[in-house]
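J.: The structure is given below, and queries will be raised subsequently.
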Amino acid sequence: MKRKTSSGKVGHVVAWINKAEWDQVLEYLYSKDCSVQKYALQRISAWRGRYGSSTPVAVESTADLVRCQVVDASGRGCTDELVLLYGMALVRFVNLITERKQKTISIPLRRLANEMNIPEWIVNLRHDITHGKLPSLKWCRKGCECVLKWLRQEYWSRQLGSSLVEQWDSSTEEDEEEEEEVTEPHKRFKHKEIYEKARELLVSYEKEQFQVLAELQKENKAEKMMWPWSSSELEWIMMQIKDFAPENREALAEVLLDDGFLIPTAEQLESLQIHPSENSELSMPCVPGVFVQFWHPLLKLLHSQVFTQVLLEKLFAELQLCAETSAHRTQYITGWITDILTYNNRAGLSRSQKETRSKCQLFANQVRLQWQKLLTLCLAAPCLASPYMLQQILTDMDKPLPLDTQQRLLHLCCIYTQPGEGAIPSMDTDQWEEEPVHTVESLQRRVRQELPPRARVPVPQPASPASRLNVGERVTVQEPSQDLHEQLSPEIIAERMAALKGSPWQICTDNVKWKDFPLGKVPGQSDDPSCLLLDSYSTMSVLEQPVDVER
């Protein structure tokens, strides 16, 4: 309502007493406590008595929707009754809010809702309630929550200035998350459709390639494997893939990592005359050359800054999952990562350098990759080939890391992935201080160096492979007869006892083999856990506990 003041200005007449009452009603309406929500609904009923027919539509709609939540939380209504209650409130909201925007010429409801930033699925929900089958109670609740957030943003938060508007920023994000949750089934269906289309195209590519191979085998030319890529059918498939790829790179990369594509099956290896163990014994991971030629036309077609980066990221992600479960997949995934990085690097060389390196060239142009991201993914997927792949990335980076950082990364990678291969070189005993402690063995070496010469115990060396073959011989290993604390000199024990003076802790000098006792157990302790219970104790409340003001 409006009225003129003594100065002639037009003022708004409101139903609430002051700003404090407005703040209280707003807070109570959006509370999770039903009792305070009921109080807010009573205050709005009082406002309606003062407003009459001029009650703001947003206030009425908010009250109707909150009342639905209160009845729902009380458990008084059955499912059908709650659906009808929510449905009426949602229909009234859409109709009353959009009615103000209608003009002489009728405007479609969806267009009005779009102009007012009302989610389209709310309009669809209203249409189902009015003309179709009633939705489930779950969708009615979601619609109620979404509309209440919209009302808070578009009406309540705009009435009293900045503080409330700032609170709405987070609600807007929640509203977007709600819309994403609603559209998630549609996204999954769309992704499945795109994935099936990508798989269909790649299967067609494989079939045509194997058909060309079969024709070459008939002509006794299969040994060269230099297949002509001028097949009209293959060119048509490549054109389809080229048109499909720009907007569906993720789907193509996902399909390529399935079994039967970049990771061949046993039947495919047999058709291509590739032995399953070929290249598996090499120190450098790589894919058999015949298999690279098989996928050469497709990878050359798809090679771009975006697709190659996506493919490498998915290869590293798959490596992280299968590094310890499937040696076959790990072999080909690491091989493809290595080959893609190698061929991309060669594509940036001059023609003379390419000829000196290799006659085989997979890519025509070099693309810039996100090296920091690839470095992180490589370190997150450790395997036996990680040191080689890591060295490739560190070498090919456009902004290389400092040399000492590269050496440390490679050193740590070797320690983690190849602990039995002598990753840490044996160092001279006079230089033990410089040896970094990375493994239990290096820690034991350092501990032995700290001991006095007379307290050192010789460490048994593992038997050689030849001695293990002699069945008749018995290999004896001398174990240390004393524990570490017994090997310390009296001077060291006295020094440590002096350091513990005044402390409740003491150095144990008893002849105890601590290796026989698990952590947390002391000699003479019973296995019955009840021995740890106290016979008498007193309780202290939180307020009675002493407080350290400085801390």
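J.: With all protein chains present, how much of the accessible area of the range 119-158 (probe radius 1.4 Å) comes from carbon and sulfur, to the nearest whole percent?
T.: So the carbon and sulfur contribution to the accessible surface is 47 percent.
J.: Now, a different point. Expressed in nm to one decimal, what extension gain is obtained for the pair GLN24 and GLN361 from 0.36 nm per residue of sequence separation less their Cα-Cα distance? List each step's numbers first, then the result.
T.: Values: separation 337, 0.36 × 337 = 121.32 nm, distance 7.21 nm.
Roughly 114.1 nm would be gained on extension.
J.: Okay, next question. For an R0 of 25 angstrom, estimate the FRET efficiency from the Cβ-Cβ distance between LEU137 and ASN95 and round to the nearest 0.05.
T.: 0.70
J.: Past 18 Å, Cα to Cα, is the threshold; run LYS373/LYS399; LYS314/LYS373; LYS101/LYS149; LYS197/LYS242; LYS101/LYS138; LYS187/LYS373 against it and keep the listed order.
T.: LYS101/LYS149; LYS101/LYS138; LYS187/LYS373
J.: Each label point is 7 Å from the Cα along the Cα-to-Cβ direction; what then is the distance between the points at GLN305 and THR325, in nm?
T.: Calculated label separation equals 3.5 nm.
J.: Could you give me the ³J(HN,Hα) list for the range 518-532, computed from phi with Karplus coefficients 6.51, -1.76, 1.60 and θ = phi - 60°, whole Hz, x at Gly and Pro?
T.: Calculated HN-Hα couplings, in order: x, 4, x, 10, 10, x, x, 7, 6, 6, 6, x, 5, 5, 7 Hz.
J.: Calculate the FRET efficiency for GLU491 and GLN525 from the Cβ-Cβ distance with a Förster distance of 22 Å, rounded to the nearest 0.05.
T.: 0.10
J.: Please compute the net charge surrounding LEU302, taking Lys and Arg as +1 and Asp and Glu as -1 over other residues with Cβ under 14 Å from its Cβ.
T.: Counting the neighbours of LEU302, the net charge comes to 0.
J.: Same structure again: Could you compute the FRET efficiency for GLN273 and THR130, with r as their C-beta to C-beta distance and R0 at 60 Å, rounded to 0.05?
T.: So, using R0 = 60 Å, E works out to roughly 0.35.
J.: The range 513-533 to the range 375-402: how many Å between their Cα centroids?
T.: Centre-to-centre (Cα) distance: 47 Å.
J.: To continue, here is another question. Under 17 Å from the 7 Å Cα→Cβ point of VAL290, by amide nitrogen: which residues of the range 309-349?
T.: 332
J.: Label ALA73 and MET88 with points 7 Å out from Cα along Cα→Cβ: what is the distance between them in nm?
T.: Taking the two extended label points, one gets 2.1 nm.
J.: Let me check something: with ligands and nucleic acids excluded, how do ASP398, ASP258 order by accessible area (1.4 Å probe), largest to smallest?
T.: Greatest to least solvent exposure: ASP398, ASP258.
J.: Would you mind checking the range 384-406 for residues with the amide N under 12 Å from a putative spin-label position 7 Å along Cα→C-beta of ARG368?
T.: Residues 398-399 fall inside that zone.
J.: Spelling out what I want: for every residue of the range 260-275, take phi, set θ = phi - 60°, compute 6.51 cos²θ - 1.76 cosθ + 1.60 (Karplus), and round to whole Hz; glycine and proline get x.
T.: x, 10, 5, 9, x, 8, 5, 5, 5, 4, 5, 5, 8, 6, 10, 6
J.: Could you calculate the contour length gain from GLU441 to ALA46, that is, 0.36 nm times the residue separation minus the distance between their Cα atoms, to one decimal place in nm?
T.: Details: separation 395, 0.36 × 395 = 142.20 nm, distance 7.99 nm.
Between GLU441 and ALA46, full extension yields 134.2 nm more.
J.: Give me the one-decimal nm value for the distance between modelled label points at LYS515 and VAL36, 7 Å along each residue's Cα-to-Cβ direction.
T.: 6.3 nm
The values are calculated or read from the model by the stated rules, or taken from the named source; none is laboratory data. Fair warning: this is a prediction, and the values are worked out from it, not measured in the lab. Don't worry about glycine lacking a Cβ; one is built from the backbone with ideal geometry, like all the others, and counts go over all protein chains shown. Each accessible area value is taken on the protein alone, full model and side chains, heavy atoms only, with ligands, DNA and RNA left out. Shrake-Rupley method; radii C 1.70, N 1.55, O 1.52, S 1.80 Å.
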